[in-house]
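Below is one structure, written out as structure tokens; comments come after it.
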Amino acid sequence: MATDLEVGKTIMQGQVLVQAAATAQVRQPKRPHVWRKAVLPWLFVAPLLIANIVVVLGPSVGSAFFAFTDWSGLGSFKWVGLANFQRMVGDRVFHVAFANNVKWTLLFLIVPIGMGLFGSAIIAPIKRGAMFYRVAYFVPHVIASVVNAEIWRQILHPTMGIGPWLASRGLKFMDVAFFGNVHTVFYAVAFVDNWQWWGFLLVLYLAAMQAVDPELYEAARLEGANRWQEWRNVTLPGILPNLVFTILITIMWSFKVFDYIYLLTGGGPAHASEVLATQVFNEAFYQFEAGYAAAIGLTMSLISALVVVVFIVLRRKGWEI
Amino acid sequence: MRATFARRSRRVNSLLPNYIIATALALFTLLPLLSLVFNSLKSSAEIGQNPMGLPRVVHWANYVDAWNQAHFSVTMRNSFILTFGSIIGVVIISGLAAYALGRLNMPGADIITLCILVGTSMPMQLFMVPLFFLWSRLGLTDKLIGVIIIYWATMSPFATFLLRSYMVSIPKDFEDAARVDGASELQVLSNIIVPISMPGFLTVALVTGLSAWNEFLLAVTFLHRDDVKPISTALYAFQTRYARDWGLTSTAAVIMALPVVVLFLLLQRQFIEGLTQGGLKA
Amino acid sequence: MRHRRITRREFLSISGLAAVGLIAAACAPSAAPAPTTSPTQAAGQATEAPTAAPATVASTAVPPTMASKAPTKIVWWNESYNDAMEKNLTTNFVDTFNAAHPDTPIDLTYQENLDQTLRTAVQAGAGPDVVITPGPGFVLEYINAGYILDLSDFAVQYGWKDKLLSWAYDSGTVNGKLYSLPLTFESVLVYYNKTVFDKQAWQPPTTGDEMVALCEAAKKANIYALSAGNSDWKAATEWFVGPFLDEYAGDDNYYKALIGEKKWTDPEFVGAIKMLNDWFQKGYFSGSIDNYHALTGNDYVGNLANGKAAMMIDGTWAFADVPGAFEQSGQDWDWFPMPPLNTGVHQSYGLAIGTTVSINAKSKIPDAAAKALDWIVNDKKRAMTIASGMSFGEWVVPLHFTPEDFPANVDKRIARFYQDFVAVTGRGDYGYTTWTFWPPKTEEYVYQGFDDVMAGTTTVEQYLAQIQQQFDAERTAGKTPPVPKRNV
């Protein structure tokens, strides 16, 4: 009964909105079909395109050019063709960094997305205290990364942190210098980044869940679905575009990841936590190899482009993402 | 009626596991931040000896000291301008673009998607020099509006595709009905699509605001004078070359975080009311 | 339903108003300059200026008829420090200069990310009049790219060669021309916790063997022998490599390798690096290699101050942090020079320049900028005031300081160091730190590659061979900072 009212409300909402739209100033442009199809969309996209070309794409093309030179970052340069790329392919540090980015991508496709989905499913039905939980999960995302890094550096401190504390109470294997040990450092950094990131995904998924038609839940319940089935058959399809968006963003940004590695370890020790972005930074600013850095940067962009192409191809095949 | 009542009470009981898990997750996220708040009230000496516990001596004066030494009155004003300027621009730009890419079946949408998204994956260090060159010729350095325009460009791609993912699954009926009745596309967008995808817009506003508020690299590269510095510089105001006063830095971090938490609370109220009006309660 | 409409309308109207207001504010011309740089205030504090301008001229209230003679600002981008240090610099350097030169005041702003910001601006053809870089290796890149003004004529005009310590002056020259002045000089020494030493009845070591014995004793007493950590500054490892090369191989050999007459793969250098690695493997540095990688500057200074560590090999910049840390912990500190680690080697101090200051080749007011540079070195008393205001962590200009130049309120231990430094290096016992005299890529490999040596994935011989290879490549390309000539 309550749900019928809800559904009725939604339909009425829609009708009222439609009428409001129609009774507002109504113009009859000439050849509306052509205008609507061909020209108008470009007008709508124009601000985005202009802003991007002027600020990002234009300058990026400029610096992509440097990938084919021996530019140091200051002053003159010589064209060297593919030399930087050849060097990259044989560079041990590049291999380690690339492998780390791949590892990072896999980790971040599973853990924060999983936690975000799980958390949003858990939180959604809660009414009392909902505000508290949402704020709680989101706050790490609000704090600047330099501060978050330091908080966790203290917590995972080799002598004054939680590791030695747990070890003294019997969990001997926890007595590790998390950011100092070459075997644990990568996972420690990923852990900290995840702590900051998953709350953001949760908020995204919650917002998406709002758009799911309540009538569908009612229908599922009438058929006797339990909570898992409700989620699997109603929620998940409903938020699928948002989920796919977060998957896409996760893959693209995993290849760009920089902040926490730079702040916590600088890519060390011995390149154990090196990623492509820290290598680019290092090459450009401490090695005076801006041309080589641009080559690595270009490679990162090409990988992203590949991911986006896959996304587009899937969409063309009819996936509604 | 009795059947409904029984269903309702059964559901209320079974939320207990939800609360337990939710609380566990909340502890996971909040306990580390407690140490931030504690540290904000300690002297830097005490942090060395007692990095995670309650302060032995509570230094409320830290908040006054941090406020003055990091010039918060100036930087906070600047960051408010940067943040709101960014939000307004990004919401408009991405709203228009998301609608076009997501609902207008435009030819060329895929190419645009590719170009825009790939642009976001270039590491920033590489396009800063040509951009600075352009900006200084245009007289946009050392001006807040110059940085706001940069933020419009760097944050709109993410916002566009985020919005698009909210707009994509709206049923076409309302739109088509409005078009039949003669509404223009702009009217369809603003009167129908925007209200229905409002959670998306609010999320975009939140994410953009947060990015602009915390952003450091672009801001310090393009803003050099003291009167235009943003709030993110406050975190670097308490250090000598190799040592940092973590008491005051923590204080600055708490001061920085508060306005965003307030913004989040304001926006979230919309979310929660919308969610509980949906069909997820009995 | 009702609240949604209101939300949207409210949102649009508020944002419309806000947009207009904010964009207006954002485009507004700059606010008045910060009070601390106002000449009127400086006039009251000007005591050093030999040509003290009368107070009326120093006033900012320019009468309408003189409006065309608005002061030309010397734009100076400085590293950012904490509030106290910034105030010290503004008061004692900027304000005193501006009082003496009201027509060309210094407009000094603090940049949080100076290196990158400067590089971006200079490369784009903009940038400040006065250019500050983290050292000779960095400014060399700018010089090679043509962005730095030749200061040789100004050097003659102002007599800079005589005012500065000769090696420091030479470090700013390239092919005989002066391009930068040293803003701060540094060295490496060993700090120690005197309270711990007294309790354990230890004495500061004067030979390598004594130091090793001390390290072993510290291990037995469950104290870190040497406090160290490179978590927040990976390059910290190079602070040890330099002194070990110096004190094991000797300054003369070190010099010969720097000018190409010896190879880094020669036995004395291999011995030095093997010893350093040995000390790491034995856990002398913060108890373990993993600890070393996980501790920060705050951590290891704190450990020394709390008595968890006995000694600390660190730079003179730590003078800014050590006294304060020990005040908090209530323990006592002192220092001793890095002892010779091999027979036949003299004790010496490594030379380092921490920051260089130059003039942008595109500056429109080089004469005024040169006056500003001269202000750094032309008054020992002012330089000492600024340096002690920085707790001797920055702006320690390499002038010919004598014991009389140190006022009574300067920590005796710090004064003793600088006096000893001048005496020891004056008689020729000086070494070469990696961040001042080595080319940048080789320098990077010095600390990056040593991680691999510590981890056991590279041998000491391979490490040094790689260094030699990189070093030769950069020397051929002209990337090596100048090495002052030595009589060998």
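With the structure loaded, tell me whether B:Val261 is assigned by TED's automatic domain parsing to the domain that holds B:Met128, touching an Asp or Glu at 6+ places or on another chain (Cβ under 8 Å) and among the hydrophobic types (A, V, I, L, M, F, W, C) or whether it fails that test.
Details: assigned by TED's automatic domain parsing to the domain that holds B:Met128: yes; touching an Asp or Glu at 6+ places or on another chain (Cβ under 8 Å): no; among the hydrophobic types (A, V, I, L, M, F, W, C): yes.
Taking the combined requirement at face value, the residue does not satisfy it.
Do any strands (runs of 3 or more DSSP E) entirely within the stretch C:260-379 hold 1 or more residues that are farther than 22 Å from C:Pro136 by Cβ, and if so, which?
Working: elements: C:309-315, C:333-336, C:349-359.
Per the criteria, C:309-315, C:333-336.
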| task | Collect the residues in the stretch C:79-93 that are in contact with an Asp or Glu (Cβ under 9 Å, 6 or more places away or on another chain) and either within 12 Å of another protein chain (Cβ to nearest Cβ) or more than 17 Å from C:Thr184 (Cβ to Cβ) (or both), keeping them in residue-number order. | result | C:Glu79, C:Ser80, C:Tyr81, C:Asn82, C:Asp83, C:Met85
| note | Taking the stretch C:115-133 and the residues there that are at the interface with chain B (Cβ under 9 Å from one of its Cβ atoms) and buried (at least 20 other Cβ atoms within 10 Å of the Cβ), the one that is farthest from B:Ser232 (Cα to Cα) would be C:Gln123
| field | Hey, B:Leu248 crowded, with 20+ Cβ neighbours inside 10 Å and either at pLDDT 85 or above or more than 7 Å from chain A (Cβ to nearest Cβ) (or both) or not | value | yes
| query | B:Ile88 versus (1) at the interface with another protein chain (Cβ under 8 Å from one of its Cβ atoms); (2) surrounded by fewer than 24 Cβ atoms within 10 Å (Cβ to Cβ); (3) not in a helix (DSSP H, G or I): which is the lone unmet condition? | reply | (3)
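Given the structure, is B:Leu189 under 18 Å from C:Glu112 (Cβ atoms) and more than 7 Å from chain A (Cβ to nearest Cβ)? Walk me through it before giving the result.
Details: under 18 Å from C:Glu112 (Cβ atoms): no; more than 7 Å from chain A (Cβ to nearest Cβ): yes.
Judged against the criteria, B:Leu189 is not a match.
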| query | Checking B:Gly182 against (1) surrounded by fewer than 22 Cβ atoms within 10 Å (Cβ to Cβ); (2) among the small types (Gly, Ala, Ser); (3) within 21 Å of A:Phe200 (Cβ to Cβ), which single condition isn't satisfied? | reply | (3)
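Out of everything in the stretch B:91-108 that is without any contact (Cβ under 8 Å) to a residue 40 or more places away in the chain and surrounded by fewer than 23 Cβ atoms within 10 Å (Cβ to Cβ), what residue ends up being nearest to the other protein chains (Cβ to nearest Cβ)? So that I can check it myself, show each step before the final result.
At the first step, the residues of the stretch B:91-108 found to be without any contact (Cβ under 8 Å) to a residue 40 or more places away in the chain are B:92, B:100, B:105-108.
Okay, now just the ones that are also surrounded by fewer than 23 Cβ atoms within 10 Å (Cβ to Cβ), so B:92, B:105-108.
Numbers: B:Ile92: 7, B:Asn105: 8, B:Met106: 4, B:Pro107: 8, B:Gly108: 8 Å.
Per the criteria, the residue is B:Met106.
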| message | Can you tell me which condition C:Val410 does not meet? The list is (1) within 13 Å of chain A (Cβ to nearest Cβ); (2) under 21 Å from the mean Cα position of the chain (by Cα), and all the others hold. | response | (1)
| field | Residues located in the stretch A:188-233, provided they are of a type in the set (Phe, Trp, Tyr), at the interface with chain B (Cβ under 8 Å from one of its Cβ atoms) and out of contact with any His (no Cβ under 6 Å at 6 or more places or on another chain) | value | A:Trp195, A:Tyr217
| remark: Checked the stretch C:456-483 for anything among the small types (Gly, Ala, Ser) and touching a residue at least 60 places away in the same chain (Cβ under 8 Å); matches are C:Ala465, C:Gly478
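Residue-wise test of (1) over 28 Å from C:Met85 (Cα atoms); (2) in a helix (DSSP H, G or I).
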residue: C:Ser391; (1), (2): no, no
residue: C:Ala408; (1), (2): no, no
residue: C:Arg413; (1), (2): no, yes
residue: C:Asp420; (1), (2): no, yes
residue: C:Thr436; (1), (2): no, yes
residue: C:Val483; (1), (2): yes, no
| Being touching a helix residue (DSSP H, G or I) at 6+ places or on another chain (Cβ under 6 Å), within 28 Å of C:Val397 (Cα to Cα) and modelled with pLDDT of 95 or more, is that true of even one residue in the stretch C:280-302? | no
| Hits in the stretch B:31-54 (condition: under 29 Å from the mean Cα position of the chain (by Cα) and part of a helix (DSSP H, G or I)) | B:Leu31, B:Pro32, B:Leu33, B:Leu34, B:Ser35, B:Leu36, B:Val37, B:Phe38, B:Asn39
| request: Test A:Tyr260 against the stated conditions and say whether it is more than 24 Å from the chain's Cα centre (by Cα), crowded, with 19+ Cβ neighbours inside 10 Å, assigned to a helix (DSSP H, G or I) and at pLDDT 90 or above. | output: no
| query | Between a first residue in the stretch C:233-257 that is without any contact (Cβ under 8 Å) to a residue 40 or more places away in the chain and a second residue that is surrounded by fewer than 22 Cβ atoms within 10 Å (Cβ to Cβ), which pairs have beta carbons less than 8 Å apart while being 6 or more apart in sequence or on different chains? | reply | C:Asn253/C:Lys262; C:Asn253/C:Asp266; C:Asn253/C:Glu268; C:Ala257/C:Lys263; C:Ala257/C:Asp266
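Go through the stretch A:138-240 and tell me which helices (runs of 4 or more DSSP H), entirely inside it, have 1 or more residues that are aliphatic (A, V, I, L, M) and out of contact with any Pro (no Cβ under 9 Å at 6 or more places or on another chain).
Working: elements: A:145-155, A:162-168, A:185-210, A:214-222, A:227-230.
Filter on the stretch A:138-240 gives A:145-155, A:162-168, A:185-210, A:214-222.
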| remark: Within the stretch B:91-117, residues polar (S, T, N, Q) and either in a loop (DSSP other than H, G, I, E, B) or outside the structural domain of B:Trp213 (by TED's automatic domain parsing) (or both) come out as B:Asn105
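Go through the stretch C:183-256 and tell me which helices (runs of 4 or more DSSP H), entirely inside it, have 1 or more residues that are among the small types (Gly, Ala, Ser) and at pLDDT 95 or above. Talk me through it step by step, then tell me what you get.
On the way: elements: C:194-200, C:208-220, C:238-244.
Here the list reads C:208-220.
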| message | With the requirement that a residue be within 20 Å of A:Asp259 (Cα to Cα), among the small types (Gly, Ala, Ser) and out of contact with any Asp or Glu (no Cβ under 7 Å at 6 or more places or on another chain), what does the stretch A:86-137 give you? | response | A:Ala99
| said: Take the residues in the stretch A:265-299 that are touching a Lys or Arg at 6+ places or on another chain (Cβ under 7 Å) and surrounded by fewer than 23 Cβ atoms within 10 Å (Cβ to Cβ); name whichever of them is modelled with the lowest pLDDT. | reply: A:Gln287
| note | The one condition B:Ser121 fails out of (1) assigned to a helix (DSSP H, G or I); (2) hydroxyl-bearing (Ser, Thr, Tyr); (3) crowded, with 18+ Cβ neighbours inside 10 Å is (1)
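The values are calculated or read from the model by the stated rules, or taken from the named source; none is laboratory data. Just so you know, these numbers come straight off a predicted model, no measurement behind them. Heads up, the Cβs are rebuilt from the backbone with ideal geometry, glycines too, and the neighbour counts pull from every protein chain shown.
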